[in-house]
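The values are calculated or read from the model by the stated rules, or taken from the named source; none is laboratory data. Since this is a predicted model, take the numbers as computed values, not measurements. FYI the Cβ positions are ideal-geometry reconstructions off the backbone, even for glycines, and counts take in every protein chain you see.
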Amino acid sequence: MKNITYSWQGIIAKRLSEPAPLIQILLGPRQVGKTTSLTSIVEAWPPSQFVMSSADDRQVQGVLWIEEQWGKAREILTRSSQDTLLVLDEIQKIQNWSECVKKLWDEDVRHKRKLKVVLSGSSALSLQSGLSESLAGRFEVIPATHLEWSEFKDLTGKSIEEYIFFGGYPGALQFMNDETRWRSYISQSIVESILSRDILLLTRVDKPALLRRLFQLGCEFSGQVLSYQKILGQLHETGNTTTLAHYLDLLSQTFVLSGLQKLEKGFRKRGSSPKLQVHNTALMGALGGYRFEEARNNSSVWGRYLESAVGAHLMNRSRCENFEVYYWRDRNEEVDFIVKSGKSLLAIEVKHAARKSNSGLKRFKDRFKSAKTLVLTSTDLPEFLVRGPLL
């Protein structure tokens, strides 16, 4: 496979070229190329004018590590008139990281030290509170997203069907010709790292087994609307639906699985039955129980893959383009996705079978007369996955 240049790599490089950039926060899922991208930026920097370190290192000891790396960068800065870069990878692993970064950054501002700082993280769950409470006004977030169709095609030369099944984790693509090995990589290197290190290690989860089963269920039923009670039934669990909703939120904040909410009267309906949606269809392929050819040749199963591919694309784009994604239902009529940007609405129906009715779109249009509508077939999908929703 070819090497890939990530879009966010260019964004960071451009912002770092500005005279007085803010702290750059590269935030996105595990295993989408954040470290590779940051390494490329560092390699293009003048020799001996940077410090790069990762909190994944087992020798890292709390905020002392941040202070040590920051001190090294300051020392370089005192010896040279050139720009100095500090890159700290997987910063969310350090407890109280944001208070430490705020203190050091504010010291540099007071002393007019022009240190350029990039931080990366894999969990909005662990980063968001620190950003909003401690670092307000001092940072910019750059979303790192899963590999999109155009990038997958350029990287592998494979088909749209293979993209829909094998998804957008760059490191896993080398194993596409060996599905057993590919599944093992997704399960062990990606899923287990997210569950164990980005959720269970960093936040309180009273029922870790329930969290794991919920994630598995979400991958199997991506594209379907299930009530919380039905989810509990599928999991053979008796428990609090509030806990289940909380666990689904944890999974969403680590960019693997979300529960899309129902749109009603132009607003999210709180407490509605969630529509399960993976952020990367590789998770369906690896955990959904079907091999590529089996899924591709099963019309009903492949229909769910097509719909989930559209949903995953929308989840990716929503982080970069600031729109919201919902579903809509009125009695027996349903619309797969509603894209909301300000007061603008776009209703999207994904059709695998030509005979599928558009009555849901018609009823939605009757209710929201200014909304735009879009019907996507498998033929339309490649173009849509390049240009995205146009409001």
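Things to note:
- Tallying residues that are closer than 25 Å to residue 290 by Cα and in contact (Cβ under 8 Å) with a residue 40 or more places away in the chain within region 232-258 yields 6.
Conditions tested, residue by residue: (1) among the basic types (Lys, Arg); (2) buried (at least 17 other Cβ atoms within 10 Å of the Cβ); (3) assigned to a helix (DSSP H, G or I).
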position	(1), (2), (3)
136	no, no, no
140	no, no, no
151	no, yes, yes
158	yes, no, no
165	no, yes, yes
172	no, yes, yes
182	no, yes, yes
186	no, yes, yes
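- Residue that is nearest to residue 282 (Cα to Cα), among those in region 219-231 that are without any contact (Cβ under 8 Å) to a residue 60 or more places away in the chain and not in a helix (DSSP H, G or I): 221
Conditions tested, residue by residue: (1) within 23 Å of residue 128 (Cβ to Cβ); (2) in contact with a helix residue (DSSP H, G or I) (Cβ under 8 Å, 6 or more places away or on another chain).
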{"position": "166", "(1), (2)": "no, yes"}
{"position": "180", "(1), (2)": "no, no"}
{"position": "187", "(1), (2)": "no, yes"}
{"position": "214", "(1), (2)": "yes, yes"}
{"position": "219", "(1), (2)": "no, yes"}
{"position": "227", "(1), (2)": "no, no"}
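- Among residues of region 1-13, those that are in a loop (DSSP other than H, G, I, E, B) and more than 16 Å from the chain's Cα centre (by Cα), counted: 5
- Per-region count, region 1-42, residues of a type in the set (D, E, K, R) and surrounded by 15 or more Cβ atoms within 10 Å (Cβ to Cβ): 3
- Count of residues meeting criterion [without any contact (Cβ under 8 Å) to a residue 40 or more places away in the chain and either outside the structural domain of residue 36 (by TED's automatic domain parsing) or part of a helix (DSSP H, G or I) (or both)] in region 74-96: 6
- The set of residues in region 353-373 being modelled with pLDDT of 90 or more, among the aliphatic types (A, V, I, L, M) and within 19 Å of residue 307 (Cα to Cα) consists of 361 alone.
Residues checked against (1) in a helix (DSSP H, G or I); (2) among the charged types (D, E, K, R); (3) modelled with pLDDT of 95 or more:
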position	(1), (2), (3)
15	yes, yes, no
18	no, yes, no
29	no, no, no
38	yes, no, no
45	no, no, no
72	yes, yes, yes
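- With respect to the conditions (1) at pLDDT 90 or above; (2) in a loop (DSSP other than H, G, I, E, B); (3) touching a helix residue (DSSP H, G or I) at 6+ places or on another chain (Cβ under 7 Å), residue 203 lacks only one, and its number is (1).
- The listed residues are 301, 310, 325, and the only one of them that is surrounded by fewer than 19 Cβ atoms within 10 Å (Cβ to Cβ) and assigned by TED's automatic domain parsing to the domain that holds residue 343 turns out to be 301.
- Qualifying positions in region 378-391 - under 25 Å from the mean Cα position of the chain (by Cα), surrounded by fewer than 17 Cβ atoms within 10 Å (Cβ to Cβ) and either among the β-branched types (Val, Ile, Thr) or outside any loop (DSSP other than H, G, I, E, B) (or both): 382, 383, 386, 387
- Any hit, region 243-260, residues being crowded, with 23+ Cβ neighbours inside 10 Å, under 22 Å from the mean Cα position of the chain (by Cα) and at positive phi: yes
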